[in-house]
Amino acid sequence: MSAFEKSQDQKKALQLNAAALKVTRHLPETSWRTIENYDDAGLYYYESGKWKASAQHQAIAVLLACGMEDSKAMFPVYVKRLGFAFSKYRPGQDFAPIAANPLILLSDIAFNLRANADLRKRYFKTIKLKPGTQTPTAAYLYKIKPDALPATCYIQPDQAKEQAVKSE
């Protein structure tokens, strides 16, 4: 990220990020390294003015970090960044309900987060449709696995401060 900030070479940054995401495919989808790569991609796309790609990558980072102990400290930052990207991508939409429960993005068909393999691994059951029942555009059905949904997906900033004080 620091090399990107110095050189402003967005194309190279995105290429390196794509390579980093390939490297992390052997890690669990909730690994902090994987999550950080999606967060970085969201930042790069944001700086490039590619609002939908930025919002999608930030959303993936948020949803993979959701409920994960390793990502607990960064989670509010990821949500805040998603808010910035989302406000550019869908300026007329109220982000507050998403900030309160980012899991609702899993059901946003137009946002198409189901296309991401890491999110499918964590949150979706993949059902291969039988021949003859396939639509011209789909051969698979993705259903959310209720048991994969964390009980809570957002720590309010004041709660995060409270927890930091308690742990000191």
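The values are calculated or read from the model by the stated rules, or taken from the named source; none is laboratory data. What you see is a predicted model, and the numbers here were worked out from it, not measured in a lab. Cβ coordinates were reconstructed from backbone atoms using ideal geometry, including for glycine residues, and neighbour counts include every protein chain displayed. Each accessible area value is taken on the protein alone, full model and side chains, heavy atoms only, with ligands, DNA and RNA left out. Shrake-Rupley method; radii C 1.70, N 1.55, O 1.52, S 1.80 Å.
Give me the residue from segment 87-102 that is hydrophobic (A, V, I, L, M, F, W, C) and either closer than 14 Å to A55 by Cα or touching a Phe, Trp or Tyr at 6+ places or on another chain (Cβ under 8 Å) (or both) and, out of that set, most open to solvent (accessible area, probe 1.4 Å). Across segment 87-102, the extreme among qualifying residues is A100.
Based on this model, can you work out whether K88 counts as more than 27 Å from P28 (Cβ to Cβ) and outside any loop (DSSP other than H, G, I, E, B)? Full working, then the answer.
Values: more than 27 Å from P28 (Cβ to Cβ): yes; outside any loop (DSSP other than H, G, I, E, B): yes.
Yes, satisfied.
Only a single item in (1) touching a helix residue (DSSP H, G or I) at 6+ places or on another chain (Cβ under 9 Å); (2) loosely packed, with under 15 Cβ neighbours inside 10 Å; (3) assigned to a helix (DSSP H, G or I); (4) modelled with pLDDT of 90 or more is not met by D70, and it is number (4).
Among the conditions (1) modelled with pLDDT of 90 or more; (2) of a type outside the set (D, E); (3) surrounded by 14 or more Cβ atoms within 10 Å (Cβ to Cβ), A13 misses just one, which is (1). Within segment 114-131, not a single residue is within 21 Å of T34 (Cβ to Cβ), open to solvent by 70 Å² or more (accessible area, probe 1.4 Å) and either touching a Ser or Thr at 6+ places or on another chain (Cβ under 7 Å) or assigned to a loop (DSSP other than H, G, I, E, B) (or both).
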